[in-house]
Structures are given as C-alpha cells and as structure tokens.
C-alpha cells in the first residue's frame with residue numbers, strides 16, 4: 001500500500017528533456033537567420049533538410065504528439081477543461097507554430113530557387129522561434145508542474161508506457177535528430 005507522501009512517477013520529465021533539444025535547434029535557426037540577414041549565409045538546405053525535418057518530425061510529430069495524445073488527454077480526463085484552459089492555449093500555439101513552419105519552408109524553397117525571400121524567411125523563422133521559446137517556458141514553468149500536482153498516480157504508468165510506445169514507433173528518431181543538432185552546432189562554432 002502506498003502512502004500519500006510517496007513520490008509520484010514523473011510524467012513530464014521526458015517532455016522537459018525533449019524541450020532542451022528543441023531549444024538547441026531554435027538557437028541554430030536564430031543564428032542562421034541572423035547570418036542570412038547579414039548576407040553571410042546561403043545554405044538554404046539547412047532549413048529544408050535540417051531544421052524543417054527536425055521541427056516537423058521531432059518537435060511536432062514526436063514531441064507534440066506525446067503532449068496532445070497522452071499528457072493533454074490525461075489532464076482532461078482528470079478534470080482540466082479542454083476549452084478555455086491551458087490545454088486550449090497550448091494547442092492553439094502548436095497550430096500557430098505549424099503556420100510559421102509552412103512560411104519558413106516556402107521562403108527557403110524560393111531562396112534555393114534564387115528568389116529574394118530573406119525577409120519572409122526571417123519573419124517566419126523569428127516568429128516560430130519566439131513562439132516556441134515562450135511556449136516551452138509556459139509548459140516547463142506552469143503546465144508541467146500543474147500536471148505533476150494534479151495527475152493521480154493511477155494514470156502515470158499508462159502515460160509513461162504510451163510515451164515509450166511512441167518512442168518505439170520511431171526507433172532512432174531522437175538519437176538521429178540529436179546527432180543532427182550536434183553536427184550543426186559544430187558547423188556553427190567552426
């Protein structure tokens with residue numbers, strides 16, 4: 001029998017850890033946008049073959065899917081309203097981020113084709129980066145601690161199993177993207 005003071009399984013630690021990698025990619029995007037605006041960067045494939053696949057596959061499908069399909073559903077099932085709530089705000093920001101990503105992609109494709117779309121790229125990339133930094137801060141400092149307080153121990157094992165299932169469905173995804181970020185960080189510091 002478990003007493004009321006026993007530590008609960010942490011269901012947000014994995015999300016916080018994933019945020020660290022997402023923030024590292026955001027820093028790379030910001031740095032490369034700065035260089036592009038200064039006319040010192042033209043590796044548009046960084047966006048098309050590096051940053052955008054990372055954002056779409058890792059940040060959105062892998063990370064946001066865990067939030068949307070596991071964490072948020074558990075919060076709603078345990079009393080948090082789905083509408084007019086932190087969950088509704090986070091989902092709206094996920095969608096807003098996806099719109100910025102489409103803008104980054106369109107601008108990077110035009111730049112690769114030789115068109116002038118640096119301002120469009122910068123506007124969408126800066127918008128995405130600012131949104132995600134703020135979003136991550138809200139999740140790490142408000143939503144996740146709230147989740148740790150309100151989610152009962154009885155649902156936590158299933159949540160952790162669902163996270164593991166999501167990770168098993170994409171074997172090597174996290175390590176591949178971690179390696180990609182590390183490679184770009186080395187290039188940036190060279």
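The values are calculated or read from the model by the stated rules, or taken from the named source; none is laboratory data. What you see is a predicted model, and the numbers here were worked out from it, not measured in a lab. Because the Cβ atoms are built from the backbone with ideal geometry, glycine has one as well, and the counts that use them run over all protein chains shown.
Taking residue 22 as the residue in question, decide whether it is closer than 30 Å to residue 115 by Cβ and either at pLDDT below 95 or buried (at least 18 other Cβ atoms within 10 Å of the Cβ) (or both).
Numbers: closer than 30 Å to residue 115 by Cβ: yes; either at pLDDT below 95 or buried (at least 18 other Cβ atoms within 10 Å of the Cβ) (or both): yes.
For residue 22, the condition - closer than 30 Å to residue 115 by Cβ and either at pLDDT below 95 or buried (at least 18 other Cβ atoms within 10 Å of the Cβ) (or both) - is met.
Working carefully through the options 139, 123, 167, 148, find the one that is at pLDDT below 95, out of contact with any helix residue (DSSP H, G or I) (no Cβ under 6 Å at 6 or more places or on another chain) and surrounded by 13 or more Cβ atoms within 10 Å (Cβ to Cβ). It would help to see each step written out before you state the result.
Working: 139 fails: at pLDDT below 95; 123 fails: at pLDDT below 95; 148 fails: at pLDDT below 95.
Of the residues listed, the single one that is at pLDDT below 95, out of contact with any helix residue (DSSP H, G or I) (no Cβ under 6 Å at 6 or more places or on another chain) and surrounded by 13 or more Cβ atoms within 10 Å (Cβ to Cβ) is 167.
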Subject >> Hey, residue 170 in a helix (DSSP H, G or I) and under 17 Å from the mean Cα position of the chain (by Cα) or not >> reply: no
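Of 42, 9, which residue is farther than 27 Å from residue 169 by Cα and outside any helix (DSSP H, G or I)? If you could, list the steps in order and put the result at the bottom.
Numbers: 9 fails: farther than 27 Å from residue 169 by Cα.
Every option except 42 fails the conditions.
Taking only the range 114-161 into account, find how many residues are outside any helix (DSSP H, G or I) and either in contact with a strand residue (DSSP E or B) (Cβ under 9 Å, 6 or more places away or on another chain) or closer than 21 Å to residue 55 by Cβ (or both).
Applying the first criterion (outside any helix (DSSP H, G or I)) to the range 114-161 yields 114-117, 151-152.
If we keep only those that are either in contact with a strand residue (DSSP E or B) (Cβ under 9 Å, 6 or more places away or on another chain) or closer than 21 Å to residue 55 by Cβ (or both) as well, we get 117.
Of the residues in the range 114-161, 1 are outside any helix (DSSP H, G or I) and either in contact with a strand residue (DSSP E or B) (Cβ under 9 Å, 6 or more places away or on another chain) or closer than 21 Å to residue 55 by Cβ (or both).
Taking the range 91-113 as the search range and keeping residues that are more than 20 Å from residue 54 (Cβ to Cβ) and assigned to a helix (DSSP H, G or I), which one is modelled with the lowest pLDDT?
Per the criteria, the residue is 91.
Kindly indicate whether residue 57 is at pLDDT 95 or above and over 18 Å from residue 148 (Cα atoms).
Judged against the criteria, residue 57 is a match.
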Original post:
Among the numbered criteria (1) closer than 17 Å to residue 61 by Cβ; (2) free of Cβ contacts under 8 Å to residues at least 40 places away in the same chain; (3) surrounded by 17 or more Cβ atoms within 10 Å (Cβ to Cβ), which single criterion is violated by residue 105?
Top reply: (2)
Original post:
Which pairs have Cβ atoms under 7 Å, sit 6 or more apart or on different chains, and link a residue in the range 118-133 that is free of Cβ contacts under 8 Å to residues at least 24 places away in the same chain and on the phi > 0 side of the Ramachandran plot to one that is buried (at least 17 other Cβ atoms within 10 Å of the Cβ) and assigned to a helix (DSSP H, G or I)?
Top reply: none
Original post:
Taking the condition within 18 Å of residue 53 (Cα to Cα) and without any contact (Cβ under 8 Å) to a residue 60 or more places away in the chain, does residue 164 pass?
Top reply: no
